[in-house]
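Visitor: Please find one structure pasted underneath; my questions will follow.
The values are calculated or read from the model by the stated rules, or taken from the named source; none is laboratory data. What you see is a predicted model; the values in this text were computed from it and never measured. Neighbour counts run over all protein chains shown; Cβ positions are idealised from the backbone, glycine included.
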Amino acid sequence: MSRADGGNGTAGTGDGRGSGGGATNAPAGGSGAVGSAANRPASSSDRAASGAAGSAANRPAASPHRPSGHASHRAPGNTTSHRASTHSATDSLLKYGWVTALLLVASLQLAQAWDGAILYFGLAALTGFLALLLKKLVPAGLAALGVMVVAMAGGFLLARGASPNRDPAWVLLDTVPRLLTAARPAPATPELLVPGLLLIIGISTGAVLSVARRGTALFVPALGAAALYVSAALLTTGRADRYGLVALTLVVILALGWLVLDRRGPVLPPAVLATALAALTLLTFVLPTNGFEPRRLVTPPVTDIAISNPLPQLASWAAQGEAELFRVRGPEVPLRLVTLSRYSGASWEAASTYGPLGVVDAPDLPTGGKFQDASVDLRITGLQGEWLPGVGRPQAVSLSNAMVDPDTGSLVVAEGLRTGLSYTVRGVLETPSDTDLVEAQVPTTATKYTALPRLPFTLSEYARQATQNARTPYEKAVALEQVVRLNRRPDAEAPVGSSYARLETFLFGSPGESGAGAGTAEQFASAYAVLARAVGLPTRVVVGFQPVPEENGERIVRAADATAWPEVYFSGFGWVAFDPVSGNGSGPSAASKREVLNRLASTTAKPTPTSLASVPPLVQPTAVDPDAVAAPEAAKSFPFWVFTPVLLLVALYVARTSRRVRLRAAGPVGAWNEVLDSLQLAGLKPKPSRTVPDVARDWGEAGARLAVAVDQAAFAPRPVHDENSWRLARQVKKAVRRKASWWRRIVWPVDPRPLFRR
Amino acid sequence: MIDTGEVSAFRDLHTRLGDAVESAVRGKRDVIDLVLVAMFAGGHVLLEDVPGTGKTTLARAVAGALGGVSRRVQFTPDLLPSDVTGTSVYDPQTGQIRFRPGPVFANIVLADEINRAAAKTQSALLEVMEERTVTIDGVGHSVPDPFLVVATQNPIDLDGTYRLPEAQLDRFMLRTSIGYPSVEDELDVLRPGSGAGRIADVRTVSSPREVSSFSGRLALLHVADPILQYISALGTGTRTDERLRLGTSTRGLRTLVRCAQVYAASKGRHFVVPQDVQDIADPVLAHRLVLTRESVLSGVTTSEVLADVLSRVPVPKPAAQ
């Protein structure tokens, strides 16, 4: 390692130049060497070749002969460093330029997994050079360690700001699941950038430091680039490099590095890496939707919280009347407390699994296409429990300990609310227009939102009859709203409950029965939701607060404002609120609903089915449009694996060819390795204890001449490269090939065995 | 560092000497080359051979080609050390004690059947070989330069001989044998009127001064690191072989490096290649190895063991520098 960095080598150059400045007879000596060396085995027929080699010798002989031999005899490493240093300036410039290009391309590719992280990642890609500077002072390992420690400390401080209450030991580790559960592309917040930055800094440090030494130099950068590429592909499910251009660029840069920079490293690892990159590109290109999704492997950092259902509390809130719950600053929007999507037949239940908020995964049903942002400041003045009032689908909450159910957007604070708690919620409200909804369809796959365990026949039949004239889901939803509202009155004193029995009483109870035709918002919303589910509309119940008028810049939300409403999901438009209590909630406009009701009323009633047993399907098949996320069948069915052997053969051929190119550039030694390759391919691999001339003797004059050149290149103090060696190697190779059996000759170009030979 | 021009000059000299010697010793160019290598490397040769294969002719031919002085000592049990090194005698004419040099004061000394002499006499010769001076009555007398001892030893008929101990065998740089000539060469030798064996016809093609001037320069010939590692690995190979009681000493390996340098130069190269090491490993190392008793009984020779080691140790792979 120490030999590679400048000190030793530069000293060698200075020595050589200084002492040999006047050695003008060097070319003569050089040509003499080649001539006499070539004479020995090849006798006189070799004159022409040795003459050519002699003239070729002029170029390298420009490196001066050193008159005093003692020093170099004692210091065997000198020749190596001497040669290395003559090209060291351009060499290292090339090397570092190469690794910078590689790191930048790979890092910027990774940066696409974030929103606006390009600058940070580009800078992080260069941190390896810090380690390089540091290496001048301390050993390389220590330098790498130093950079990583600083980087991790910085990452810790950044991530700690995002979750101050977490155990410090987990701060850095937490960033990975956070990233994997974040939105795509992830926002460029510190704690989400940390994993990517640390990855890049680590890879950059390793790559630059390994390039700074010789030998296995180019393997680590290739590995790093591959790691970055794969990370980017996984984080974006291949979308960052949709057409494989980045992969192609990386492969080209890698190939250039191997062909131009370092001809000594092994060929196989880069070949494998390149093949892997190419295969990955092919996969992400051909099967974009079937890409491997790392998010499925990571359980988001979730917490199970068993929280009481606030629905029954509606009655007590209704009874409390004017009691102040919290204050709001912001637009006049309905505030949501909790969304209930599971119905057991006895009650509604809230989700029990919550993850950290700020950035959450997408909900189970796609959101609508039309949004409106809303941001409200809240201050808790009397509200109790764990549920945190919010607005729309929450995007950000200023409380760090708030957690969210990504499907419903319900917010909780596990520690419970306390009076005086102030926070800001930014949420997204779905704002479909009335005309959108008229023709909107509902998904059939959302069974979670249509589940009605052991639904009583009375309810299902009631729902069917209520919607029998309705053609579209929207008409059904509006019809049900009307049906539930008609002839029923809100009553704060009504019995609580949302079981089938309570709803049957609420809907069909005979006058005088307790709770018949009367209920709180709980019964209205539940009845609507059950009936809507019965006709196939995905429905859920939201507990929240009605919008209240502003007083002195603040809206004071009181207990009496608490309410519940159902929401129906329409494909492409998201969740739409309905209001079976008053008929004019925040959902579709009253005019739109009235239009629908008028049309339904004017339609002559179709003949009802004669038999109750033959209840028609709740959702007409034609009205069903499968959700848009079906995988492309064609891509799936084509057997792409048939390409694998072809790809493998191509990869092997490319690897072998690139090995040959590298060997060809490596002078006589490379030529000899090419001969050894062919001997191995022909099944004539020589024993390792046989010398070059000994092996070459069997292959005629060309072999003998090659052996001389090889020995000289390998063991002479100042080797003079024989330009003919590759031609000689080709002659030997031909002779070897002739001796090989026919089947060996068939697999010759793709036989991988030479790749494993060092 | 020795340069290519110097190497070419050496190669010419080596070829001239070899050609001249070969005119007297037919068909034994490899042995001649080895003897010349030993001479240029400043070492000595032990020829193990049956009588009548041309040992004496070889030594005298080398001396003739070199243009130096050649002496022959027939070792017998009653030979005294002073018969080898020389002695002080009283000169009645001058009335002074005068040193009369023994037969070691020559460029080429042929010590015939060295194992027949008593250990004391052997030691005297070996000491001169090592020290290159003869000390009589406290006065040192240097032997001439170049100084090559060619000792012969008859491997058969060992009755009444004093075997050279292992430590003293180490003093010989090379051990080899001449062996019988091939059929063609033998016919050539037998043919009446052939020049074989006629020392008088050996042309003098060099001078002792020329030889000794090269001898020092050749020690500067380039030996690449991988070659040294290879030589070291060979040494380790002999030391770890179970059939050997004693492997090669570091001195043996140094000698191998030295001989490889001269050998490489004799091939016209200004650097050593693995083939050089392999070519001269047996003459340089085989006589320094000591077999275990079991191996001796099973009939293995050190040359066979060394050949095994050579076929086991991988040669340095050619790598661009």
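Visitor: Under the condition of being more than 22 Å from A:V541 (Cα to Cα) and aliphatic (A, V, I, L, M), which residue from the range A:415-437 is modelled with the highest pLDDT?
Guide: Selected residue: A:L421.
Visitor: Among the residues of the range A:650-663, is there at least one that is part of a helix (DSSP H, G or I), within 12 Å of chain B (Cβ to nearest Cβ) and modelled with pLDDT of 85 or more?
Guide: No, the range A:650-663 contains no residue that is part of a helix (DSSP H, G or I), within 12 Å of chain B (Cβ to nearest Cβ) and modelled with pLDDT of 85 or more.
Visitor: Within the range B:266-296, how many residues are hydrophobic (A, V, I, L, M, F, W, C) and within 14 Å of chain A (Cβ to nearest Cβ)?
Guide: Looking only at that region, the number is 6.
Visitor: Is it true that A:Y474 is under 19 Å from A:V568 (Cβ atoms) and of a type outside the set (V, I, T)?
Guide: Taking the combined requirement at face value, the residue satisfies it.
Visitor: Here's something else I'd like to know. Quick one: in the range A:710-743, of everything that is part of a helix (DSSP H, G or I) and of a type in the set (V, I, T), which residue is nearest to the other protein chains (Cβ to nearest Cβ)?
Guide: A:V710
Visitor: When residues of the range B:297-318 are filtered for being among the aliphatic types (A, V, I, L, M), surrounded by fewer than 16 Cβ atoms within 10 Å (Cβ to Cβ) and within 14 Å of chain A (Cβ to nearest Cβ), how many remain?
Guide: Here the count works out to 1.
Visitor: Keeping to the range B:263-296, report how many residues are of a type in the set (S, T, N, Q) and either touching a residue at least 40 places away in the same chain (Cβ under 8 Å) or buried (at least 24 other Cβ atoms within 10 Å of the Cβ) (or both).
Guide: Residues in the range B:263-296 being of a type in the set (S, T, N, Q) and either touching a residue at least 40 places away in the same chain (Cβ under 8 Å) or buried (at least 24 other Cβ atoms within 10 Å of the Cβ) (or both): 3 in total.
Visitor: Follow-up question, since we're still on this one. So, in the range B:177-209, how many residues would count as being in contact with a Gly (Cβ under 7 Å, 6 or more places away or on another chain) and charged (D, E, K, R)?
Guide: 2
Visitor: Let me ask something else about it. Has the range B:199-216 got at least one residue that is within 14 Å of chain A (Cβ to nearest Cβ) and touching a residue at least 60 places away in the same chain (Cβ under 8 Å)?
Guide: no
Visitor: Inside the range B:241-321, counting only helices (runs of 4 or more DSSP H) that do not spill past its ends, which hold 2 or more residues that are closer than 19 Å to B:F40 by Cβ?
Guide: Qualifying helices (runs of 4 or more DSSP H): B:250-266, B:274-285.
Visitor: So how many residues does the range B:217-226 have that are under 30 Å from B:L289 (Cβ atoms), assigned to a helix (DSSP H, G or I) and in contact (Cβ under 8 Å) with a residue 24 or more places away in the chain?
Guide: So the count comes out to 4.
Visitor: Right, another one. Report yes if B:A260 is of a type in the set (G, A, S), crowded, with 21+ Cβ neighbours inside 10 Å and free of Cβ contacts under 8 Å to residues at least 40 places away in the same chain, otherwise no.
Guide: yes
Visitor: Checking the conditions here, which among A:R74, A:R59, A:R66 is farther than 30 Å from A:P187 by Cβ, within 14 Å of another protein chain (Cβ to nearest Cβ) and either modelled with pLDDT of 50 or more or loosely packed, with under 15 Cβ neighbours inside 10 Å (or both)?
Guide: Step by step, each of A:R74, A:R59, A:R66 is checked, and only A:R74 is farther than 30 Å from A:P187 by Cβ, within 14 Å of another protein chain (Cβ to nearest Cβ) and either modelled with pLDDT of 50 or more or loosely packed, with under 15 Cβ neighbours inside 10 Å (or both).
Visitor: I'd like the residue in the range A:665-702 that is within 11 Å of chain B (Cβ to nearest Cβ) and in a loop (DSSP other than H, G, I, E, B) and, out of all such residues, is nearest to B:A233 (Cα to Cα).
Guide: A:S689
Visitor: Of the residues that make up the range B:145-152, is at least one more than 16 Å from B:L36 (Cβ to Cβ) and within 20 Å of the chain's Cα centre (by Cα)?
Guide: The answer is yes, given that some residue of the range B:145-152 is more than 16 Å from B:L36 (Cβ to Cβ) and within 20 Å of the chain's Cα centre (by Cα).
Visitor: Then there's this: Residues of the range A:400-422 being touching a residue at least 40 places away in the same chain (Cβ under 8 Å) and buried (at least 19 other Cβ atoms within 10 Å of the Cβ), which ones?
Guide: A:A402, A:M403, A:V404, A:D405, A:P406, A:D407, A:T408, A:G409, A:S410, A:L411, A:V412
Visitor: Moving to a separate point now. Tell me the strands (runs of 3 or more DSSP E) entirely within the range A:474-589 that contain at least 2 residues that are in contact with a Phe, Trp or Tyr (Cβ under 8 Å, 6 or more places away or on another chain), polar (S, T, N, Q) and surrounded by 24 or more Cβ atoms within 10 Å (Cβ to Cβ).
Guide: Once the strands (runs of 3 or more DSSP E) in the range A:474-589 are filtered for at least 2 residues that are in contact with a Phe, Trp or Tyr (Cβ under 8 Å, 6 or more places away or on another chain), polar (S, T, N, Q) and surrounded by 24 or more Cβ atoms within 10 Å (Cβ to Cβ), nothing remains.
Visitor: Which ones in the range B:1-40 are within 14 Å of chain A (Cβ to nearest Cβ), in contact with a His (Cβ under 9 Å, 6 or more places away or on another chain) and crowded, with 21+ Cβ neighbours inside 10 Å?
Guide: B:I2, B:D3, B:T4, B:V7, B:D33
Visitor: Of everything in the range A:425-439, what is touching a helix residue (DSSP H, G or I) at 6+ places or on another chain (Cβ under 6 Å) and surrounded by 20 or more Cβ atoms within 10 Å (Cβ to Cβ)? Give them in sequence order.
Guide: Selection gives A:L437 alone.
Visitor: Pick from the range B:236-265 the residues that are within 11 Å of B:A41 (Cα to Cα) and polar (S, T, N, Q): which of them is farthest from the other protein chains (Cβ to nearest Cβ)?
Guide: My answer is B:T255.
Residue-by-condition table, conditions (1) at pLDDT below 75; (2) of a type in the set (A, V, I, L, M, F, W, C):
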site: A:L199; (1), (2): no, yes
site: A:A212; (1), (2): no, yes
site: A:A217; (1), (2): yes, yes
site: A:G224; (1), (2): no, no
site: A:V230; (1), (2): no, yes
site: A:A240; (1), (2): yes, yes
site: A:G244; (1), (2): yes, no
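Visitor: What number of residues within the range A:460-473 are surrounded by 20 or more Cβ atoms within 10 Å (Cβ to Cβ) and either farther than 22 Å from A:S498 by Cβ or in contact with a Phe, Trp or Tyr (Cβ under 7 Å, 6 or more places away or on another chain) (or both)?
Guide: Total satisfying the criteria: 1.
Visitor: Looking only at the range A:570-591, how many residues end up being farther than 21 Å from A:G519 by Cα and at pLDDT 75 or above?
Guide: Count: 11.
Visitor: On to the next question. Could you list, in sequence order, the residues of the range A:642-695 that are on the phi > 0 side of the Ramachandran plot and either surrounded by fewer than 18 Cβ atoms within 10 Å (Cβ to Cβ) or not small (G, A, S) (or both)?
Guide: Within the range A:642-695, A:G683 is the sole residue that qualifies.
Visitor: Any residue that is of a type outside the set (S, T, Y), closer than 18 Å to B:R269 by Cβ, assigned to a helix (DSSP H, G or I) and more than 14 Å from every other protein chain (Cβ to nearest Cβ) - is there at least one of those in the range B:227-234?
Guide: Within the range B:227-234, none of the residues are of a type outside the set (S, T, Y), closer than 18 Å to B:R269 by Cβ, assigned to a helix (DSSP H, G or I) and more than 14 Å from every other protein chain (Cβ to nearest Cβ).
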